1. Just to be sure, is residue 229 out of contact with any strand residue (DSSP E or B) (no Cβ under 9 Å at 6 or more places or on another chain) and among the charged types (D, E, K, R)?
2. For segment 75-96, enumerate the residues that are closer than 19 Å to residue 32 by Cβ and touching a Leu at 6+ places or on another chain (Cβ under 7 Å).
3. Among the residues of segment 214-230, which ones are among the acidic types (Asp, Glu) and open to solvent by less than 50 Å² (accessible area, probe 1.4 Å)?
4. Let me confirm something: among 317, 344, which residue is within 19 Å of residue 254 (Cα to Cα) and either in contact (Cβ under 8 Å) with a residue 12 or more places away in the chain or outside the structural domain of residue 289 (by the TED database) (or both)?
5. Evaluate segment 187-200: report whether one residue or more is of a type in the set (Ser, Thr, Tyr) and at pLDDT 90 or above.
6. Within segment 58-70, does at least one residue satisfy the condition of being buried (at least 16 other Cβ atoms within 10 Å of the Cβ), in contact with a Lys or Arg (Cβ under 9 Å, 6 or more places away or on another chain), in a helix (DSSP H, G or I) and modelled with pLDDT of 80 or more?
7. Just one of (1) of a type outside the set (Val, Ile, Thr); (2) open to solvent by less than 30 Å² (accessible area, probe 1.4 Å); (3) in a helix (DSSP H, G or I) trips up residue 251, so point out which.
8. Just a yes or no: is a residue in segment 331-345 over 21 Å from residue 375 (Cα atoms), part of a helix (DSSP H, G or I) and out of contact with any Pro (no Cβ under 6 Å at 6 or more places or on another chain)?
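The values are calculated or read from the model by the stated rules, or taken from the named source; none is laboratory data. Small disclaimer: the values here were computed from a predicted structure and weren't measured. Glycine also receives a Cβ, built like all others from the backbone with ideal geometry; neighbour counts cover every protein chain displayed. Side chains included, ligands, DNA and RNA excluded: accessible areas come from the protein's heavy atoms. Shrake-Rupley method; radii C 1.70, N 1.55, O 1.52, S 1.80 Å.
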Amino acid sequence: MSDDLAGWLDWLRAHPELQTLLASATLIFAAWLSNWIVKRILVRGLYRLLQHTRENKLQDFGIIKRLSNIVPALVLSLGVTTVPGLPEAAVTVVQNVCGGFIVLTIALALGAVLDIINVVYQRRPDARLHPIKGYLQVVKIVIYAIATILIIATLIDRSPLILLSGLGAMAAVLMLIFQDTLLSLVASVQITSNDLIRVGDWVEMPQLNADGDVIDIALHTVKIQNWDKTITSIPTKRFISDSFKNWRGMQESGGRRIKRSLYLDQQSVHFLSEDECKHLHRFNLLDEYLTNKRHEIDEWNAKLEERGKEPVNTRRITNIGSFRAYVERYLRAHPGVHQHMTLIVRQMSPTADGLPLEIYCFTNTVAWTQYEAIQSDIFDHLLAILPEFGLRVFQHPSGADMRNWGESLGQRGAPALAPAEEHPAQGDGESSGAVERR
């Protein structure tokens, strides 16, 4: 058996090409075996360990698998020198490629580490106030830029300083290439330092058709989920150069504004008669107001003496003034209206569409559905109570109004002409024709 082995070795020495091929195959098998051992034993064991800790999300980023790929590259880089008969140029190429692969793997692993840092940071309660995703992306760009220089230097077997010295001449080109990145970096710093937007803010930017919640703030883009569930991606720098509306102040205040007008028919505005005043005294919200107003007006009119006998010289209560007082007291008593914020019921300038009576107040909730329910409830009541004050809402004539007017005019039209034979024409035929024409 020893004689056979010695003969086989002598045969291999006589064929150096086979010896090189067999050594190369052995080296490749050793690299594959080392990769299999690391991934099957070490990586799986580490995954099982992480499943019982809070950091079990680390495996989702593939950082351990990336680092395990360094082992076969090291085996190839160190073992290629032991392969007999391999040309020096081939050894250099294999070592350079393995070195570049190791640098790339480490760079990708560091990028995964930065992603893990972002995930861990987002677990903090105040993470949305100061997001760090943009800064981490800047660090990623720096890592990948350095890795690119090192990979190129490794592949061409030159010092990285030679490549760095040539970057000075390429500064203008790099400024053009990374122009958007630099502008986005400056914008991210300003957004964070000035607290312009946060994740979860309701942001409105009409010029870009964006109206919704901020769901992500990155280096280059800010993602906004609109109310129709579409997502708008806006360049980060646009939040510095363009104007936008952030509704965070409204959400933090606890109240949302109602600003809507009732357009009243100006022809329905009049002074209240005694019977109408007695009718309005039935309203609990108006009883005290009407009593105080009556006392104030009586004192004013008493000073007029003789001139006070003419109604045109006296002050009188109006139905629109009483309605405005009723609306204000109604809002003061409404459980859905914020009583510690501005509350105004005011008349605006008359328009061709009527006399606007504006309600300006705030609800005690910022939830959209509750806000709309409170607002609708208020105006439902006001529209229904208007006839009690002798007021009408202005409304442009519709098709039904035109039809009703036509029917009423037809019922009140001129009587039909009597038949011709009941009014015989006198004179000749010409006069008879004239009568018929009339």
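1. no
2. Within segment 75-96, 76, 79, 80, 83, 94 qualify.
3. Listed by number, the list holds a single entry, 216.
4. So the residue among 317, 344 that is within 19 Å of residue 254 (Cα to Cα) and either in contact (Cβ under 8 Å) with a residue 12 or more places away in the chain or outside the structural domain of residue 289 (by the TED database) (or both) is 344.
5. No; the residues of segment 187-200 include none that is of a type in the set (Ser, Thr, Tyr) and at pLDDT 90 or above.
6. Scanning segment 58-70 turns up no residue that is buried (at least 16 other Cβ atoms within 10 Å of the Cβ), in contact with a Lys or Arg (Cβ under 9 Å, 6 or more places away or on another chain), in a helix (DSSP H, G or I) and modelled with pLDDT of 80 or more.
7. Checking residue 251 against (1) of a type outside the set (Val, Ile, Thr); (2) open to solvent by less than 30 Å² (accessible area, probe 1.4 Å); (3) in a helix (DSSP H, G or I), the one that fails is (2).
8. No, segment 331-345 has no match at all.
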